[in-house]
Amino acid sequence: MIDVLTVVLPVFIVLSFGYLSVWGKVIEDGHIDGLMKFAQTFAIPCLLFRAISTLDLETSLNVPLLFSFYAGVFTAFVVGLWGARHLFKRSWEDCVTISFCCLFSNTLLLGLPITERVYGTQGLVGNYAIIAFHAPFGYMIGITAMELVRAKDTPATQLPRKVAKAMFSNAIVMGIALGFVVNLSGVALPAVFTDAVDIIGRAALPAALFGLGGVLFRYRPDGDLRITAFVCLISLGLHPLVVYVLGSSAPLPADAFRSALITAAVAPGANAYVFANMYNAAKRAAATSVLVGTALSILTTSLWITLLP
């Protein structure tokens with residue numbers, strides 16, 4: 001366990017640097033917003049664009065891998081929705097937001113760098129395959145559910161257009177989509193362009209990790225801690241458990257199994273709060289779940305890594 005922690009902890013130390021920089025007023029809160037805007041709007045989309053555009057789709061899009069991970073995602077959403085409604089008696093809008101927190105692992109800012117630290121860049125193929133569908137799949141479920149809950153205000157004929165508009169207004173989804181366009185079309189991009197994109201993409205993980213730490217300073221534990229505990233139990237416990245069971249029975253290749261399980265075992269991502277803020281629902285619960293879940297991810301990822309082949 002100690003050996004695993006020495007590999008995983010640097011990721012969280014970078015997070016803590018961002019947190020402490022805002023806490024100590026070394027960096028202003030607004031500067032962190034700018035850094036996260038750069039990471040989420042430019043750097044991460046560039047990273048994913050290049051990863052997807054050069055991905056060997058025939059060998060990397062492992063159906064058992066995707067089924068194992070996304071069966072866990074959907075299970076987390078359904079159980080989260082049921083629990084928020086029947087255990088905590090929240091409004092349907094809050095229930096959808098809470099269940100979105102349960103399903104949306106931080107695949108980019110935690111899953112990707114942790115997997116890289118433990119298994120190297122050659123072990124990231126499965127991560128990129130998962131990430132390629134993560135934002136579209138997660139937002140499709142969350143936005144569709146929320147719009148159905150609010151269907152009294154939205155004509156059924158307008159629902160698909162509204163869901164599509166919300167999804168493709170997301171820079172990360174667009175980066176992934178453009179990567180698929182280049183990959184499937186076989187277009188050869190000029191080296192001067194790809195080199196420039198790579199330069200921006202290399203800044204994605206360190207900038208986003210540092211920035212996420214600064215953002216988490218706002219998410220001080222507050223609100224209903226029972227709901228936070230419930231979200232963490234589903235996202236950090238049930239989701240990886242489903243992946244472990246399905247991945248073991250498939251069986252998945254070792255590298256794909258590692259990617260799926262580590263990605264499932266990390267905390268809800270900042271997109272959970274973005275979703276809550278977008279619909280003005282359960283924002284306090286979402287913010288607290290991101291903070292507490294991120295701290296607990298040190299333990300959950302370390303635990304699962306020790307069980308991996």
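The values are calculated or read from the model by the stated rules, or taken from the named source; none is laboratory data. Predicted model only: the values in this text are computed from it and were never measured. So basically every Cβ, Gly included, is an ideal-geometry build from the backbone, and we count neighbours across all protein chains shown. What goes into the accessible areas is simple: the full protein's heavy atoms, side chains included, and nothing from ligands, DNA or RNA. Shrake-Rupley method; radii C 1.70, N 1.55, O 1.52, S 1.80 Å.
Tabulated results
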item: Full-stretch length increase - Trp82, Ser169 - with 0.36 nm per residue and alpha-carbon distance subtracted; result: 28.4 nm
item: Accessible-area order (highest first, 1.4 angstrom probe) of the listed residues Met278, Met174, Met36; result: Met278, Met174, Met36
item: Chain lengthening between Arg218 and Leu303 when straightened (0.36 nm per residue, less Cα-Cα); result: 27.8 nm
item: Binned Cα-Cα distance frequencies in the chain - 10 Å width, integer %; result: 6, 28, 37, 24, 5, 0
item: MRE, 222 nm, helices only [DSSP H, n ≥ 4, -39500 (n - 2.57), over the chain, to nearest 500]; result: -24000 deg cm²/dmol
item: Anisotropy class of the range 158-309 from Cα gyration tensor, a/c 1.5 cut; result: oblate
item: Gained length - Leu57 relative to Lys162, 0.36 nm times residue gap less alpha-carbon distance; result: 34.8 nm
item: Ranked packing of 207-213, 259-265, 83-89, 107-113, most packed first, by mean Cβ within 10 Å; result: 259-265, 107-113, 207-213, 83-89
item: Proximal lysines relative to Lys89, as straight alpha-carbon distance under 22 Å, when same-chain residues fewer than 8 apart are discounted; result: Lys152, Lys283
